[in-house]
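Novice: First the structure, which I've put down as structure tokens, then a few questions once you've had a look.
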Amino acid sequence: MGTASPVSLVTGANRGIGRETARQLAELGHTVLLCARRPEDAEHTVAGLAPEVSGTLLPHQLDVTDTDSVRALAHKVDAEFGRLDVLINNAAINYDTAQRAVFADLDEVRRTLETNLFGAWQTAQAFLPLLRRSAHPRLVNVSSESGSLERMSGGTPAYGISKAALNALTRKLADELLGERILVNAVCPGWIATDMGGPEGGSVDQGAAGVVWAATLPDSGPTGGFFREGEPLAW
């Protein structure tokens with residue numbers, strides 16, 4: 001059981017930032033559990049990456065809004081590896097550019113929070129016992145500057161508020177886990193050309209690099225921070 005290489009899990013990794021983060025971690029020698037809501041999406045992504053990646057990518061089904069799905073994968077990882085070194089909460093939905101807080105559909109907001117906040121929260125809780133068995137545990141919440149209270153403006157209410165809440169969760173977890181050596185940080189990849197970000201954004205490899213930076217911090221690295229490309233952002 002287990003592997004000498006770091007074991008990393010990336011949620012929502014069948015496209016965009018998640019896919020590129022998984023690719024970069026595999027290139028660094030990590031055993032990467034590439035997760036998607038539909039198993040065929042995870043398998044298709046791993047098959048597509050295989051020719052260009054020297055490391056190990058393993059496809060897994062994971063719906064972060066489904067408690068049974070989250071627990072089942074935690075049991076699988078426990079049985080196969082006995083630990084988890086890196087958890088990257090990347091799965092997110094609904095960059096709701098057409099919405100405004102004054103008329104937002106609150107059912108849509110609730111659905112967004114189910115994935116972007118509660119999904120990340122219950123995934124963190126489920127995998128904490130495995131992170132505690134790692135020699136160098138890292139938890140990265142992929143956030144957005146649209147969740148920065150200091151710089152927040154109107155629009156995208158579901159997405160922005162969900163990311164502000166994810167940032168708050170990051171601070172809570174970082175403080176509570178400080179004595180356990182688990183570094184917990186939030187990372188904004190920036191405006192990236194993905195299905196969610198649209199074609200005008202920056203390169204996906206640059207956005208993922210900031211996530212990988214937080215996933216591979218030294219033991220002396222920061223915790224409870226909010227970063228883009230390794231530089232602090234305002235909360």
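The values are calculated or read from the model by the stated rules, or taken from the named source; none is laboratory data. Predicted model only: the values in this text are computed from it and were never measured. Cβ coordinates were reconstructed from backbone atoms using ideal geometry, including for glycine residues, and neighbour counts include every protein chain displayed.
Novice: Being within 11 Å of Asn90 (Cα to Cα) and among the basic types (Lys, Arg) is the filter; apply it to segment 1-57 and report the residue that is surrounded by the most Cβ atoms within 10 Å (Cβ to Cβ).
Specialist: Arg19
Novice: Also, I was wondering about something else. Any chance you could count how many residues in segment 101-146 are of a type outside the set (Asp, Glu), out of contact with any strand residue (DSSP E or B) (no Cβ under 8 Å at 6 or more places or on another chain) and in a helix (DSSP H, G or I)?
Specialist: Final tally of qualifying residues: 18.
Novice: Under the condition of being surrounded by fewer than 21 Cβ atoms within 10 Å (Cβ to Cβ) and at pLDDT 90 or above, which residue from segment 183-213 is farthest from Arg15 (Cα to Cα)?
Specialist: Top of the filtered list is Trp213.
Novice: Restricting to segment 139-155, count the residues that are farther than 16 Å from Ile17 by Cβ, under 20 Å from the mean Cα position of the chain (by Cα) and surrounded by fewer than 24 Cβ atoms within 10 Å (Cβ to Cβ).
Specialist: Residues flagged as farther than 16 Å from Ile17 by Cβ, under 20 Å from the mean Cα position of the chain (by Cα) and surrounded by fewer than 24 Cβ atoms within 10 Å (Cβ to Cβ) within segment 139-155 amount to 1.
Novice: Moving to a separate point now. Between residues in segment 72-85 that are closer than 16 Å to Leu139 by Cα and residues that are in a loop (DSSP other than H, G, I, E, B) and charged (D, E, K, R), which pairs lie under 6 Å by C-beta distance while being six or more apart or on different chains?
Specialist: Note: pairs meeting the criteria are Arg83/Arg133.
Novice: Now for a separate question. Is it true that Ala79 is surrounded by 16 or more Cβ atoms within 10 Å (Cβ to Cβ), on the phi < 0 side of the Ramachandran plot and either assigned to a helix (DSSP H, G or I) or basic (Lys, Arg) (or both)?
Specialist: Considered against the rule, which asks whether it is surrounded by 16 or more Cβ atoms within 10 Å (Cβ to Cβ), on the phi < 0 side of the Ramachandran plot and either assigned to a helix (DSSP H, G or I) or basic (Lys, Arg) (or both), Ala79 comes out as no.
Novice: Oh, and also: Could you list all residues from segment 77-107 that are of a type outside the set (A, V, I, L, M, F, W, C) and closer than 19 Å to Met152 by Cβ?
Specialist: Passing the criteria: Asn94, Tyr95, Asp96, Thr97, Gln99, Arg100.
Novice: Could you say whether any residue in segment 125-133 is within 23 Å of Gly18 (Cβ to Cβ), touching a Phe, Trp or Tyr at 6+ places or on another chain (Cβ under 9 Å) and among the polar types (S, T, N, Q)?
Specialist: no
Novice: Given (1) farther than 19 Å from Pro6 by Cα; (2) out of contact with any Cys (no Cβ under 9 Å at 6 or more places or on another chain), where does Val64 come up short, assuming only one miss?
Specialist: Failing condition for Val64: (2).
Novice: Does segment 142-155 contain at least one residue that is of a type in the set (A, V, I, L, M, F, W, C) and either modelled with pLDDT under 95 or within 23 Å of Ala13 (Cβ to Cβ) (or both)?
Specialist: Looking through segment 142-155, at least one residue is of a type in the set (A, V, I, L, M, F, W, C) and either modelled with pLDDT under 95 or within 23 Å of Ala13 (Cβ to Cβ) (or both).
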